[in-house]
Amino acid sequence: MVMKIRKRNHPKPEEPGNPDDGSSEIMRETIFEAIRTQIRNDEPPETALTLNRLRAEGHSEEEAMKLIGCALSVEIFEAMKYGTPYDSERYRRNLERLPTLPF
């Protein structure tokens with residue numbers, strides 16, 4: 001699976017001097033968009049199954065997306081830090097383990 005990340009223009013935080021430059025929100029939204037794309041394309045199908053399972057277990061949609069984002073972030077981190085390819089099997093295993101966070 002190849003993920004494309006589109007650069008977007010995001011507004012700056014509204015309060016001057018805010019130590020958060022908005023990058024956390026941008027990262028969260030980028031990861032959520034990648035998850036929504038996986039669900040829309042049914043690739044991998046485990047993403048949608050995991051979202052539905054977590055919702056059925058009582059997690060809010062936001063919390064379920066954050067948990068899935070943790071599993072996706074592992075793949076992004078590995079690829080960026082070590083130059084390794086996307087590991088679809090590890091991603092699927094981490095999705096199956098949620099809400100236990102990936103390691």
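Residue-wise HN-Hα couplings along the stretch 89-100, as the Karplus relation 6.51 cos²θ - 1.76 cosθ + 1.60 with θ = phi - 60° gives them from phi, are 5, 5, 4, 4, 4, 5, 4, 5, 7, 4, x, 5 Hz; Gly and Pro carry x.
Each semi-axis of the equivalent ellipsoid for the stretch 42-103 is √(5λ) with λ an eigenvalue of the Cα gyration tensor; in descending order they amount to 21, 12, 9 Å. Converting phi to 3J(HN,Hα) with the Karplus coefficients 6.51, -1.76 and 1.60 and the offset θ = phi - 60°, the stretch 55-66 yields 5, 5, 7, x, 7, 5, 4, 4, 5, 4, 5, 4 Hz in sequence order, with x at every glycine or proline. Working ranking of peptides 22-28, 59-65 by packing, defined as the average number of other Cβ atoms within 10 Å per residue, highest first, is 59-65, 22-28.
Bear in mind that the values in this text are calculations on the coordinates, not laboratory data. What you are looking at is a predicted structure, and each value in this text was computed from that prediction instead of being measured. With ideal geometry, Cβ positions are generated from the backbone for all residues, glycine too; neighbour counts draw on all protein chains shown.
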